Amino acid sequence: MAKEVVIIGGGISGLSMAFYCSQAGMKTTLIEKDNKVGGSFASHQYASDNDRFWLEMGAHTCYSSYQNLLGIVEECGIMDTIIPREKVPFTLLKNGKVSSIMSGLNLFELLTHAPKIFSLKKEGKTVRSYYSQIVGENNYRNTISHFFNAVPSQPTDDFPADMMFKSREKRKDVLKNYTFKNGLQSVALTIAERKGIDVRTGSAAQSLANSDGKYVVKTADGQEVSADSLVIAVPSAPAARLLQDINPAIADHFTRLKFADVDSVGVVIRKNNVSLKPVAAIISPNDTFFSMVSRDTVPDDNFRGFAFHFRPGLSEKDKFKRINEVLGVGMEKIEHTTTRMNVVPSLRINHKDWADKTDQMLAGMRGLYMTGNYYGGMAIEDCVSRSHDEFNRMNR
Ligand SMILES: Cc1cc2nc3c(=O)[nH]c(=O)nc-3n(C[C@H](O)[C@H](O)[C@H](O)COP(=O)(O)OP(=O)(O)OC[C@H]3O[C@@H](n4cnc5c(N)ncnc54)[C@H](O)[C@@H]3O)c2cc1C
């Protein structure tokens with residue numbers, strides 16, 4: 001009889017795990033709380049009459065170094081849907097004006113500090129302590145730190161420097177950075193539609209139990225799924241709540257991990273109603289939003305789309321007021337809006353110790369596997385790599 005696995009969470013971590021398990025012939029069930037798979041790796045789709053448009057509300061860029069992701073894309077037969085991203089600039093909003101990143105840097109300070117990049121080690125240093133030495137304290141504080149904060153949409157001064165941007169081996173036959181013809185959602189959907197994966201969306205895992213040597217997952221909508229192996233692929237807070245039922249010690253360990261909610265608002269506007277020059281993103285130091293990421297990297301004939309990633313706790317009125325100001329467009333010109341709440345980990349300098357301890361605790365638990373964006377890092381490739389490693393552990 002085929003081995004059974006139940007995976008909780010249908011973001012790229014859970015989906016990649018489902019891919020590996022189904023490919024190995026396992027009976028794979030994936031439970032996802034939302035009505036669609038993808039999590040932070042999902043695109044919002046907008047259709048109007050004959051026009052279709054998509055907008056990334058979370059991740060937006062993949063790289064040639066995403067070897068495990070590319071392996072899955074290749075196996076799924078969708079390499080031909082990889083498309084380049086238009087070369088439009090990442091910009092800075094200063095005194096109400098959109099300008100280049102360079103305009104925010106003191107070149108003398110940069111040039112006198114930059115050579116340290118060859119000798120200074122990232123290990124054991126925070127983002128602030130490492131990068132303020134590489135670009136200079138003022139450049140870091142006034143400009144560069146805001147670009148770093150935009151990556152996980154939260155302050156990153158205390159993040160471990162070696163976990164922010166990792167150098168990985170690149171595939172030379174793939175574009176350096178890219179997206180997919182119909183957005184990242186198309187990759188999530190392709191994986192979810194694979195033979196051997198039973199995807200149950202709109203179903204939140206509510207409790208866990210052990211029974212007759214199997215894991216039993218009960219969902220909020222009354223389903224019960226049992227399997228030999230259980231994979232938890234949800235953010236650390238819901239993971240802790242679920243783990244409480246089967247192992248309070250590991251649940252307690254998970255409550256120690258900090259995280260941030262990313263409150264995102266997307267707007268779709270007819271092209272002729274926006275005069276802002278095409279940009280990849282706008283970063284506005286000390287503003288109410290960490291970044292505005294645009295769809296100008298994949299130009300559309302009719303629409304432009306902008307995703308604002310706000311600090312938590314703002315009212316709808318304040319968010320839209322700021323969107324109107326930044327884009328120079330009134331509400332009457334906005335054709336469509338969408339919202340999304342993503343969760344990202346707040347990594348700290350001792351994060352590797354936390355992850356090692358997790359693995360030690362998991363080693364003592366039969367059939368339990370954990371993946372997500374809070375093990376080796378939060379990039380898409382880190383999630384897929386963690387799933388790959390956990391899948392290999394399952395098969396040892
Ligand atoms: C704004 C933003 C921009 C980013 N940009 C990039 C980028 O350009 N490139 C890059 O490499 N990375 C990027 N990232 C990081 C990357 O997208 C994420 O780290 C990654 O997608 C996380 O995947 P995940 O599956 O671990 O978690 P998630 O995507 O959060 O998925 C977890 C899933 O679990 C589900 N869930 C939660 N609780 C339950 C439950 N009880 N039962 C069932 N399901 C549940 C959730 O609904 C969700 O779908 C970005 C992240 C954000 C937020």
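Can you find even one residue in segment 320-340 that is touching a strand residue (DSSP E or B) at 6+ places or on another chain (Cβ under 9 Å) and within 11 Å of the ligand (Cβ to nearest atom)? Yes. If the condition is being more than 18 Å from the chain's Cα centre (by Cα) and either open to solvent by 30 Å² or more (accessible area, probe 1.4 Å) or of a type outside the set (Gly, Ala, Ser) (or both), then segment 46-70 contributes Tyr46, Ala47, Asp49, Asn50, Asp51, Arg52, Phe53.
The single condition among (1) open to solvent by less than 40 Å² (accessible area, probe 1.4 Å); (2) part of a helix (DSSP H, G or I) that Thr91 does not meet is (2). When Met331 is tested against (1) buried (at least 20 other Cβ atoms within 10 Å of the Cβ); (2) over 30 Å from Gly104 (Cα atoms), exactly one condition is not met: (1).
Of all residues in segment 206-225, those that are buried (at least 18 other Cβ atoms within 10 Å of the Cβ), of a type outside the set (A, V, I, L, M) and away from the ligand (no atom under 12 Å from the Cβ) total 1. Among the residues of segment 207-236, those that are in a strand (DSSP E or B), touching a Ser or Thr at 6+ places or on another chain (Cβ under 6 Å) and not hydroxyl-bearing (Ser, Thr, Tyr) comprise Lys214, Val216, Lys218, Val225. On the stretch given as segment 301-314, residues that are touching a helix residue (DSSP H, G or I) at 6+ places or on another chain (Cβ under 9 Å) and farther than 12 Å from Val268 by Cα total 4. When Lys122 is tested against (1) closer than 18 Å to Gln67 by Cα; (2) touching a helix residue (DSSP H, G or I) at 6+ places or on another chain (Cβ under 8 Å); (3) not assigned by TED's automatic domain parsing to the domain that holds Ile72, just one condition goes unmet, and that condition is (1). List pairs: first in segment 200-215 and closer than 29 Å to Leu189 by Cα, second open to solvent by 50 Å² or more (accessible area, probe 1.4 Å) and among the hydroxyl-bearing types (Ser, Thr, Tyr), Cβ under 6 Å, 6+ apart or cross-chain? Final answer for the pair search is Lys214/Ser226.
Checking Arg304, Arg270 one by one, the residue that is surrounded by fewer than 19 Cβ atoms within 10 Å (Cβ to Cβ), at negative phi and not assigned by TED's automatic domain parsing to the domain that holds Asp157 is Arg270 and no other. Taking segment 262-295 as the range and being small (Gly, Ala, Ser), within 16 Å of the ligand (Cβ to nearest atom) and farther than 14 Å from Phe320 by Cα as the test, the residues that pass are Ala280, Ala281, Ser284, Ser291, Ser294. Filter segment 18-40 for residues that are in a helix (DSSP H, G or I) and near the ligand (Cβ under 9 Å from one of its atoms); which is nearest to Leu208 (Cα to Cα)? Per the criteria, the residue is Gly39.
Please find, among Ile82, Ile72, Ile78, the residue that is more than 10 Å from the ligand (Cβ to nearest atom), more than 29 Å from Val217 (Cα to Cα) and in contact with a helix residue (DSSP H, G or I) (Cβ under 6 Å, 6 or more places away or on another chain).
Details: Ile82 fails: in contact with a helix residue (DSSP H, G or I) (Cβ under 6 Å, 6 or more places away or on another chain); Ile72 fails: more than 29 Å from Val217 (Cα to Cα).
None of the others qualify; the one that does is Ile78.
Tally up the residues in segment 356-396 that are under 17 Å from the mean Cα position of the chain (by Cα) and either away from the ligand (no atom under 16 Å from the Cβ) or of a type in the set (Asp, Glu) (or both), please. Within segment 356-396, residues that are under 17 Å from the mean Cα position of the chain (by Cα) and either away from the ligand (no atom under 16 Å from the Cβ) or of a type in the set (Asp, Glu) (or both) number 2.
Exactly one residue out of Ile250, Ile282 is assigned to a strand (DSSP E or B) and of a type outside the set (Lys, Arg), and it is Ile282.
The values are calculated or read from the model by the stated rules, or taken from the named source; none is laboratory data. The structure presented is a predicted model; accordingly, all values stated were derived computationally and were not measured. Cβ atoms come from the backbone with ideal geometry, glycine included; neighbour counts cover every protein chain shown. All accessible areas refer to the heavy atoms of the entire protein, side chains included, with ligands and DNA or RNA removed. Shrake-Rupley method; radii C 1.70, N 1.55, O 1.52, S 1.80 Å.
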